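The values are calculated or read from the model by the stated rules, or taken from the named source; none is laboratory data. What you see is a predicted model, and the numbers here were worked out from it, not measured in a lab. So basically every Cβ, Gly included, is an ideal-geometry build from the backbone, and we count neighbours across all protein chains shown.
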Amino acid sequence: MSAVLKHIVFNPGKRFIGLMLLLLAGFGQLAAQTLHHGHKFDAQKRSEWIINTVTYLENSGGPDMLQKVVVNEYEQEDGLIAFRVRVIREAWVDFENGDRIHFVCNSAHDDEAVGDVCVAMDQKGKVFVNEGHVCGGLINFEYKGKNAPASAALFFQNFKSDTDKKIWKTYRK
């Protein structure tokens, strides 16, 4: 038992103060975590950012000059293979069947009002949004299965953000 905790437990007059300090520390950490994980954002600002990002993706002409990422195999367990795609702010990934996904992500660290959000567009112009935790521009999307996804459709159906398991949702204007 730590010296501070012993002091609080064995000194009844100090228990109340100690309890209050512990509660305040806990609430402070909860508030910081809530903000850190993007639960507090301005819905209008996020909506505007998504609309602007979709317009950017539609007009970008393809992500050929961006960071290319790959679907990595990183672990095997119970006959399943764990796959990961790591995106840092903006990237693209190609699939076996010729499909391509272009990602753009915002971190609450970069723009608190927009919060943590990623927008992705496939080669057909279909747009998806994921509200998983983006930390400093970095997010991992993971999936466990027997085979790597061979298409963009399989990626969006199966991959979730790694820290909070958020799914991809189809975006409709």
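Observations on the structure shown:
- Top-ranked residue of the stretch 78-109 - restricted to ones that are acidic (D, E) and surrounded by 15 or more Cβ atoms within 10 Å (Cβ to Cβ), ranked as nearest to L154 (Cα to Cα): D99
- Here N130, N140, N147, N106 are screened, and the one residue that is in the same structural domain as V71 (by TED's automatic domain parsing), modelled with pLDDT under 95 and not aromatic (F, W, Y) is N147.
- Screening V114 against (1) more than 20 Å from P149 (Cβ to Cβ); (2) among the aliphatic types (A, V, I, L, M); (3) touching a Gly at 6+ places or on another chain (Cβ under 7 Å) leaves a single unmet condition, (3).
- Enumeration of residues in the stretch 120-159 that are among the charged types (D, E, K, R), farther than 16 Å from A91 by Cβ and without any contact (Cβ under 8 Å) to a residue 60 or more places away in the chain: K124, K126
- Single match in E142, E75 (criterion: surrounded by fewer than 16 Cβ atoms within 10 Å (Cβ to Cβ) and part of a strand (DSSP E or B)): E75
- Yes/no for V117 being out of contact with any Leu (no Cβ under 9 Å at 6 or more places or on another chain), modelled with pLDDT of 95 or more, within 30 Å of A43 (Cβ to Cβ) and surrounded by 15 or more Cβ atoms within 10 Å (Cβ to Cβ): yes
- For the stretch 98-119, the set of residues classified as out of contact with any Ser or Thr (no Cβ under 8 Å at 6 or more places or on another chain), under 10 Å from T53 (Cβ atoms) and in contact (Cβ under 8 Å) with a residue 60 or more places away in the chain consists of V114, V117, listed by residue number.
- Count - residues of the stretch 123-139 that are out of contact with any helix residue (DSSP H, G or I) (no Cβ under 6 Å at 6 or more places or on another chain) and assigned to a strand (DSSP E or B): 5
- Only residues that are in contact with an Asp or Glu (Cβ under 9 Å, 6 or more places away or on another chain) and under 18 Å from L57 (Cα atoms) were counted in the stretch 70-92, giving 2.
- Among the conditions (1) within 19 Å of I50 (Cα to Cα); (2) surrounded by 15 or more Cβ atoms within 10 Å (Cβ to Cβ); (3) of a type outside the set (S, T, Y), the only one that G136 does not satisfy is (2).
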